[in-house]
Amino acid sequence: MSIVEDLLQQSLAELTEHFVTQERSVPGGLLEALEADPRQGAKALARRIRARKGKNRAEGQRLRHLLRYETELWEQGHTHIAGVDEAGRGPLAGPVVAAAAILPKGWKLEGLDDSKKIADEERREELAESIKRGAVAWAVGLAEAEEIDRLNIRRASLLAMHRALLALGIRPDYVLLDAFTIPECELPQRGIIKGDALSLSIAAASVLAKTTRDRRMRELDAQYPGYGLAEHKGYPTASHVQAIRDKGVLPIHRRSFAPVRECLGLCEPAQGAGPVQGELFTGNEQP
């Protein structure tokens, strides 16, 4: 009896478990046999398996496309390519968090993407744990609210990125970043516009930065209850701004950001969608 004939002795429920739920490799001839089977359930199962295989092929192509910058650098002889990204430029409270990740050559992770495209918090955490297990090295760096106020958010973000790189423990051969390059970093580097959606290494860093910062904001929520930090993560939602007005400004609030300055009586309420932090900086310092 052939493998396909043997499999067809199983129930459709068993075949569904093997080839749809568990996504096992499909033996040659099985799909054709299911499509020729007079049972409607068998034909429906064949359609589901073909759809799953098509989805897997599309995901494989997407991940290969996300590795094009890394592949080019690997082919040039670079071994340790670090992707770097940050999270938390826009919030009124908490640190800006950056992460750096060096992935093994050719490494892929199904579902990995720019963290902004991964809406489910639990899924982001799962991906972050997989990245930590699979990466050659990874690290995070932070710049706290006081540093953001002193330096401005752009420079504080670059500082956090530099700190993440220095914390890797391995000196990268090349650094890929989302949009920016780091002036203080002497390593070869490239800023890629929308890099977190175009490079797997930067996407990995974006997930690590986002999950690290979200975890930090949940900790701060426990320390400063009543502000909703675990929900809005410090972003300028209406409920957050109202909480600042009602309860006052916290040490973790960014005093150079307009809504916080307004609550402190340091500036007039903004008319329309003006710059968040522009009041304190001019010229090239502007974020």
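The values are calculated or read from the model by the stated rules, or taken from the named source; none is laboratory data. As the structure is a computational prediction, the values presented were derived from the model and not from experiment. Please note: Cβ atoms are built from the backbone with ideal geometry, for glycine as well, and neighbour counts cover all protein chains shown. Heads up: the accessible areas ignore ligands, DNA and RNA and are worked out on the full protein's heavy atoms, side chains in. Shrake-Rupley method; radii C 1.70, N 1.55, O 1.52, S 1.80 Å.
Using 0.36 nm per residue and subtracting the Cα-Cα separation, the extra length available between SER239 and ARG150 on full extension is 29.4 nm. Compactness check for the chain: Cα Rg over 2.2 N^0.38 Å is 1.29. The heavy atoms of ASP221 present about 40 square angstrom of accessible area, all protein chains included, probe 1.4 Å. Taking all protein chains in place and a 1.4 Å probe, what share, in percent, of the accessible surface of the stretch 1-93 do carbon and sulfur account for? Carbon with sulfur: 51 percent of the solvent-accessible area.
Nearest 500 deg cm²/dmol is fine: what mean residue ellipticity at 222 nm does the chain get from its DSSP H runs of n ≥ 4 alone, each adding -39,500 (n - 2.57), divided by its residue count? Can you show the working numbers first?
Numbers: 12 runs with 131 residues, N = 287.
Helices in the chain give a 222 nm mean residue ellipticity of -14000 deg cm²/dmol.
If R0 equals 30 Å, the separation of the Cβ atoms of VAL4 and LYS55 corresponds to a calculated FRET efficiency of about 0.85.
How much accessible area per residue does the chain have, counting only protein heavy atoms and a probe of 1.4 Å, in square angstrom?
Working: 14180 Å² over 287 residues.
Here the per-residue accessible area is 49 Å².
Percentage of Cα-Cα pair distances in the stretch 174-221 greater than 19 Å, rounded to whole percent?
Working: 426 of 1128 pairs.
It works out to 38 percent of all Cα pairs.
The stretch 85-164 and the stretch 210-227 have Cα centres spaced 16 Å apart. Distance in nm between label sites at ARG62 and ARG171, each 7 Å beyond Cα in the beta-carbon direction? Result: 3.8 nm between the two label points. Per-residue extension of 0.36 nm, minus the Cα-Cα distance of SER25 and GLU125, leaves a gain of 33.2 nm for this segment.
Projected area of the stretch 195-253, taken from the Cα convex hull and averaged over every viewing direction, in nm²?
Details: hull surface 18.1 nm².
Its average projected convex-hull area is 4.5 nm².
Summary of packing: across the peptides 95-106, 199-210, the per-residue average of other C-beta atoms within 10 Å ranks them, highest first, as 199-210, 95-106.
Within the shell defined by Cβ-Cβ distances under 13 Å, the residues around ARG62 carry a net charge of +2, with Lys and Arg each +1 and Asp and Glu each -1.
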